[in-house]
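Step one of this worksheet: look at the structure below.
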Amino acid sequence: MKFSTENLRRREKFLSADFVKDLQNAPPEIDVFTTNSTDYPKAFRIGGCEIKAADKAAFEVLLFWKDDTRSEQRAINVEVVKQNDKWLISKINN
């Protein structure tokens with residue numbers, strides 16, 4: 001789960017070119033895809049979806065942390081755009 005140049009390269013096919021450029025400047029020790037921290041979630045679930053335009057949509061992703069001492073849920077919002085017949089992540093707000 002740790003963010004790295006290699007992990008970004010592996011995920012590039014799911015990301016818009018602009019988002020990849022933004023992520024290339026991110027600190028390597030944090031999880032820029034979900035929490036902006038090193039506290040990685042244990043599970044996730046897709047929530048509501050909203051169509052913004054014919055080539056743009058936004059949806060909620062619920063993140064979960066659960067162990068013997070903790071039970072927590074947080075939501076992030078993901079924006080996707082359709083480019084070359086593929087839906088690509090263009091922004092993540094958390």
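Sum up the lysine pairs in segment 5-93 that clear both bars: alpha-carbon distance under 12 Å and a spacing of 8 or more or different chains. Number of lysine pairs found: 7. So if we plug the beta-carbon distance of R10 and N77 into 1/(1 + (r/R0)^6) with R0 = 22 Å, what FRET efficiency do we get, rounded to 0.05? With a Förster radius of 22 Å, E is 0.45. For segment 11-16, backbone phi angles converted through the Karplus equation (6.51, -1.76, 1.60; θ = phi - 60°) give residue-by-residue couplings of 8, 3, 5, 9, 10, 5 Hz, Gly and Pro being listed as x. In sequence order, segment 47-64 has phi-based couplings of x, x, 10, 10, 7, 8, 6, 4, 10, 8, 9, 9, 8, 9, 10, 8, 10, 10 Hz under the Karplus curve 6.51 cos²θ - 1.76 cosθ + 1.60, θ = phi - 60°, and Gly or Pro positions carry x. Close amide-amide hydrogen proximity is noted between A75 and L63, each under 5 Å apart and 5 or more residues distant or on a separate chain (H modeled in the peptide plane; Pro and chain starts excluded).
Exposed loop sites are taken as trypsin sites (Lys or Arg not before Pro) in a DSSP loop (any state but H, G, I, E or B) with at most 15 other beta carbon atoms within 10 Å; the longest stretch of the chain without one runs 3-41. Taking the Cα centre of the chain as origin and assigning +1 to Lys and Arg Cβ atoms and -1 to Asp and Glu Cβ atoms, the resulting dipole is close to 240 debye. Take every pair of alpha-carbon atoms less than 8 Å apart whose residues are at least six positions apart; their mean separation over the length of segment 5-93 yields a relative contact order of 24 percent.
If each DSSP helix of 4+ residues adds -39,500 (n - 2.57) and the sum is divided by the residues in the chain, what number results at 222 nm, nearest 500 deg cm²/dmol?
Calculated from helices alone, the mean residue ellipticity at 222 nm is -3500 deg cm²/dmol.
Each value in this text was obtained by applying a stated rule to the coordinates, not by laboratory testing. Fair warning: this is a prediction, and the values are worked out from it, not measured in the lab. Cβ sites come from the backbone with ideal geometry, for glycine too, and all protein chains shown count toward neighbours.
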